[in-house]
Amino acid sequence: TSENGVIGNGPDIPWSAKGEQLLFKALTYNQWLLVGRKTFDSMGVLPNRKYAVVSRKGISSSNEN
């Protein structure tokens, strides 16, 4: 968490760590990701990953990836 206890702030996180994105990429490659709809909307489709998107809204399906 950040110094004030926040773990997320909209689509951003209030800190950065060197190598964090590379680690995320390595850990999620060819794996399923469970994400909220707003997170999915903000990050978009990453290659070589499958998604389960949680939402209070209706279901829409795309077979792009």
Pairs returned, first residue in segment 22-36 that is under 12 Å from Pro47 (Cβ atoms), second residue that is exposed (fewer than 12 other Cβ atoms within 10 Å of the Cβ), beta-carbon separation under 6 angstrom, 6 or more apart or interchain, are Tyr29/Asn48; Asn30/Asn48
Can you pull out the residues in segment 11-38 that are modelled with pLDDT of 85 or more and of a type in the set (Ser, Thr, Tyr)? Thr28, Tyr29
Is it true that some residue in segment 45-55 is assigned to a helix (DSSP H, G or I), surrounded by 11 or more Cβ atoms within 10 Å (Cβ to Cβ) and at pLDDT 85 or above? no
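The values are calculated or read from the model by the stated rules, or taken from the named source; none is laboratory data. Note that this is a predicted model, so its numbers are computed, not measured. When we count neighbours, we look across all protein chains shown, and the Cβ atoms used for this are built from the backbone with ideal geometry, even at glycine.
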